[in-house]
1. Which of the numbered conditions does Phe60 fail, given that it passes all the others? Conditions: (1) of a type in the set (Phe, Trp, Tyr); (2) touching a Pro at 6+ places or on another chain (Cβ under 9 Å); (3) open to solvent by 50 Å² or more (accessible area, probe 1.4 Å).
2. Please enumerate the residues belonging to the range 34-67 that are within 20 Å of Val13 (Cα to Cα), in contact (Cβ under 8 Å) with a residue 40 or more places away in the chain and over 13 Å from the mean Cα position of the chain (by Cα).
3. Among what's in the range 68-92 and is touching a strand residue (DSSP E or B) at 6+ places or on another chain (Cβ under 7 Å) and either modelled with pLDDT under 90 or not aromatic (Phe, Trp, Tyr) (or both), pick the residue that is farthest from Val13 (Cα to Cα).
Amino acid sequence: MGTEASVATGTVVWHDHLSADPAAAADFYGALMGWGVETWKAGEMDYPMITVDGLGHGGFGTAPEGAPAHWIGHVYVGDAEAAGTRAAGAGG
């Protein structure tokens, strides 16, 4: 399976859903969105990775104890240091 796709700066390129029950979340969102789930690094990491048309674009993991279920979006930037400087300058 590949994870390569053409993306533009500022595009969400990966997203993780963290919850107390990643398997239930994978079942729910898989049915809702039509996503497949493929286990990456089976037996080593067992990361349930979201797939669509053979491309991975996110996954499901266990949230830290006490944290509510939530999504984390990963945004593409060409230069992380420059993006960090821009974010700080904008109050981030």
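1. (3)
2. Gly54, the sole residue that qualifies.
3. Initial filter on the range 68-92 (touching a strand residue (DSSP E or B) at 6+ places or on another chain (Cβ under 7 Å)): 69-76.
If we keep only those that are either modelled with pLDDT under 90 or not aromatic (Phe, Trp, Tyr) (or both) too, we end up with 69-70, 72-75.
On the way: Ala69: 20, His70: 17, Ile72: 11, Gly73: 8, His74: 6, Val75: 6 Å.
Residue satisfying both the conditions and the ranking: Ala69.
The values are calculated or read from the model by the stated rules, or taken from the named source; none is laboratory data. Because the structure is predicted, anything quoted here is derived from the model rather than measured. A quick note on method: Cβ atoms are made from the backbone with ideal geometry, for glycine too, and the neighbour counts reach across all protein chains shown. Just so you know, the surface numbers come from the protein's heavy atoms only, side chains and all, with ligands and any DNA or RNA stripped out. Shrake-Rupley method; radii C 1.70, N 1.55, O 1.52, S 1.80 Å.
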